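Asks: Below is one structure. I have some questions about it.
The values are calculated or read from the model by the stated rules, or taken from the named source; none is laboratory data. Fair warning: this is a prediction, and the values are worked out from it, not measured in the lab. Neighbour counts run over all protein chains shown; Cβ positions are idealised from the backbone, glycine included.
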């Protein structure tokens, strides 16, 4: 499987890239009722915007993602951007054809205005005082970025997981600005179980003595144990039982049984490593905010909980993709979106990709998955 | 591909479909039939497929395709939501043909079904010689075939009669894949492929 996933030799990475920042002076009235007077959106672009501006693709990131979707920041970077296998010359989102934009979400910790930014009214970091933003707020802020970049309508808005929810919200809030919506491993709203997992993650952070009600930065500490635990919980839910078994089984680090609580099974050390690398790059306040934003996502809420009436507002063409072993956002959840779209005769295609890698499959270069994306994007007129 | 270049029974079906109608194709294959209908008949079309390579081909043909197993039912689709539900050369491969037909006629106002006619003389000769038939339309060995529910024209007529299904039109194709014109003699013996348009009288 892994060897099959290796890069097709004819495709290339976009190479070295540098993030850019757009300062948006337009006040943003949030769903919560609060207003952000001005804000910065940090983003990356790959490829070239054509003369008519018709070849732009918006990539929306998920919970722990950021604007660095493809390429490398430095020649000695160990890893490329999080969706590098999908974006680049001759890759599924072919940068020879498309101009790809990936912003860091408002409230994030990758460079856009968020808890780590200075609050202009207090001159201190926002920290826990950064308002909770919703998927709708993100779409609104991204639409301002599109205005700045001269993009009247997106050839496609695309994302996996929370990113797929943004693509869905875009198709509803700006039907005329989205020609294709590609919704991968997403759901029309979180299930009770999804919210429960988010709550456990949040409690892990909130219960860390270093959390200090969110003001940890001022004390020069961080709730790393809580954030690490939150990530470990999340990570297990992004993988499948079979996938974990195939990767680690019951393999041990040392053949001697320790009769203690240090990591002995490989899966333990793997999870701890995942947690530790995460705390070095992620902010706990952003983690809280992003999980809350996931909980609140429910576009049908304003339409008497009728998803069919909700999706009727869209005019994009849709591609919906799920993964067989994804139990966090299962194929059945994607089918809810598909069924709602069928109700109002929307153009929609749907497939469930066979994969053992759970929710995280959307980040992997699974051949069937990438071939469908490739053919779909080849069919988009620009 | 143009309609005129399609398999003969598809060419015939296309003639039965009105312009600008809404069509669901069960087991739509690579989507070339729906693509031709979209282009030449301006239909709103959706296909259902289970095979991932066929799904890729449908996406390539710019055809809406939903990956689904027909044997699991058509629960994604609402009552009377299509003008036509088509099942071409697929009925013999589903687990419960009568239930699939019920679902077709629930979702669509009309159903169009084509199947290889087991009553054809070539099949009868092979059976008379003591072997399961193998023909151009039934190329598989008995032990390795997706075709698990073979029937004859007479069988299908009986099914319709017992389940209150109206046969609105029937056409048959002979061994040369030409339409057998007029009121054919011995259709169950001569036809290689049967094509039916069916519906169900609604009580409401």
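Asks: Find all pairs meeting these conditions: Cβ atoms under 8 angstrom apart; at least six residues apart or on different chains; first residue within region A:225-238 and in the same structural domain as residue A:327 (by TED's automatic domain parsing); second residue assigned to a helix (DSSP H, G or I) and at pLDDT below 95.
Replies: The qualifying pairs do not exist here.
Asks: Mind telling me which of the residues A:102, A:109 ends up being closer than 22 Å to residue A:278 by Cβ, modelled with pLDDT of 95 or more and in contact with a strand residue (DSSP E or B) (Cβ under 6 Å, 6 or more places away or on another chain)?
Replies: A:102
Asks: Let me ask you something else. Can you give me the ranges of the helices (runs of 4 or more DSSP H) entirely in region B:1-117 with at least 3 residues that are farther than 21 Å from residue B:146 by Cβ and away from chain A (no Cβ under 13 Å)?
Replies: In region B:1-117, B:8-16, B:32-41, B:97-107 are the helices (runs of 4 or more DSSP H) which contain 3 or more residues that are farther than 21 Å from residue B:146 by Cβ and away from chain A (no Cβ under 13 Å).
Asks: Here are some residues: A:349, A:325. Which one is closer than 23 Å to residue B:54 by Cβ, away from chain B (no Cβ under 11 Å) and either touching a residue at least 60 places away in the same chain (Cβ under 8 Å) or touching a strand residue (DSSP E or B) at 6+ places or on another chain (Cβ under 7 Å) (or both)?
Replies: None of the others qualify; the one that does is A:325.
Asks: Consider residue A:19 against the criteria (1) closer than 23 Å to residue A:165 by Cα; (2) surrounded by 13 or more Cβ atoms within 10 Å (Cβ to Cβ); (3) at pLDDT 95 or above; (4) out of contact with any helix residue (DSSP H, G or I) (no Cβ under 6 Å at 6 or more places or on another chain): it satisfies all of them except one. Which criterion is unmet?
Replies: Unmet condition: (1).
Asks: Return the only residue of A:370, A:359 being touching a helix residue (DSSP H, G or I) at 6+ places or on another chain (Cβ under 7 Å), more than 7 Å from chain B (Cβ to nearest Cβ) and part of a helix (DSSP H, G or I).
Replies: Within the list A:370, A:359, the selection yields A:359.
Asks: Looking at A:61, A:73, A:67 in this structure, which one is in contact (Cβ under 8 Å) with a residue 40 or more places away in the chain, surrounded by fewer than 18 Cβ atoms within 10 Å (Cβ to Cβ) and under 20 Å from the mean Cα position of the chain (by Cα)? So that I can check it myself, show each step before the final result.
Replies: Values: A:61 fails: surrounded by fewer than 18 Cβ atoms within 10 Å (Cβ to Cβ); A:67 fails: surrounded by fewer than 18 Cβ atoms within 10 Å (Cβ to Cβ).
That would be A:73, the only listed residue that is in contact (Cβ under 8 Å) with a residue 40 or more places away in the chain, surrounded by fewer than 18 Cβ atoms within 10 Å (Cβ to Cβ) and under 20 Å from the mean Cα position of the chain (by Cα).
Asks: Scan A:169, A:203 and give me the residue that is assigned by TED's automatic domain parsing to the domain that holds residue A:79 and at pLDDT 95 or above.
Replies: A:169
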